[in-house]
Amino acid sequence: MIEPFVDSQVREGVVSYGLSSYGYDIRVADEFKVFTNINNTVIDPKNFDPRSFVDIKSDVCIVPPNSFALARTVEYFRIPRDILTVCLGKSTYARCGIIVNVTPFEPEWEGYVTLEISNTTPLPAKIYANEGLAQVLFFQSDEPCERSYADKKGKYQKQVGVTLPKI
C-alpha cells in the first residue's frame, strides 16, 4: 500500500516519519512549487496558469510569508478498495503556523500525494525535504465501496509529480 514503507517511527534529529500508532507519517520530497506573483496572474482552478509557481528542487524550501507551496510525498500510495484515508498536517509544523490541507485518499486511489502547504505567518517558513510533513489516518470499511476512485477514472489517478489543479 505504501512504497517505500518505514515500519517504525523515525524521529532522531528530524521531523518524524514512518509508521505511527494508528497512521503513517509521510515525508515531503525535494520537489516544490512555490507561489509567485511575478506574472500578476489570477488563481483560477478552472484555468490554472502554471506560471503562478516557481519550481524548486532542494533539501529545504522557504515558503514566503502568507504564501503557499505545493510538494509531493516521498511515498507512493495504492489505497485498497475498502480503505479511506484522511491526511492531516503534523503538529510540529502547525505550531509554526504551517498548515497542510486536510485531504482524503479515496478507495483505489493510487499515486504520489500532492501536498498543499500554507504559511499563515508574516515570516518566511522553512520546510525540510525527506522529513515528516503530515500524517495519514486509515479507515477500513466492513465492505468494499460500491464505486471507487479508479472506477470513476479520477483525474488525479496515478499522479507522479507535483500535480496542478485539473478540471
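The values are calculated or read from the model by the stated rules, or taken from the named source; none is laboratory data. These numbers come from a predicted model, not from an experiment. No Cβ is skipped: glycine too gets one built from the backbone with ideal geometry, and neighbour counts run over all protein chains shown.
Points to keep in mind about this one:
- Screening the stretch 116-134 for residues that are over 13 Å from the mean Cα position of the chain (by Cα) and in a strand (DSSP E or B) and picking the one that is surrounded by the most Cβ atoms within 10 Å (Cβ to Cβ) gives Asn119.
- Count of residues meeting criterion [of a type in the set (Phe, Trp, Tyr), farther than 24 Å from Pro122 by Cβ and either touching a helix residue (DSSP H, G or I) at 6+ places or on another chain (Cβ under 7 Å) or free of Cβ contacts under 8 Å to residues at least 60 places away in the same chain (or both)] in the stretch 62-100: 0
- Checked against (1) in contact (Cβ under 8 Å) with a residue 60 or more places away in the chain; (2) closer than 23 Å to Val6 by Cβ; (3) surrounded by fewer than 19 Cβ atoms within 10 Å (Cβ to Cβ); (4) out of contact with any strand residue (DSSP E or B) (no Cβ under 6 Å at 6 or more places or on another chain), Leu137 passes all but condition (4).
- Residue in the stretch 92-99 that is buried (at least 21 other Cβ atoms within 10 Å of the Cβ), in contact with an Asp or Glu (Cβ under 8 Å, 6 or more places away or on another chain) and not β-branched (Val, Ile, Thr) present: no
- Every residue from the stretch 101-131 that is touching a residue at least 60 places away in the same chain (Cβ under 8 Å) and over 17 Å from Val28 (Cα atoms): Pro124
- Within the stretch 75-115, strands (runs of 3 or more DSSP E) holding 2 or more residues that are modelled with pLDDT of 95 or more and over 13 Å from Ala134 (Cα atoms): 83-89
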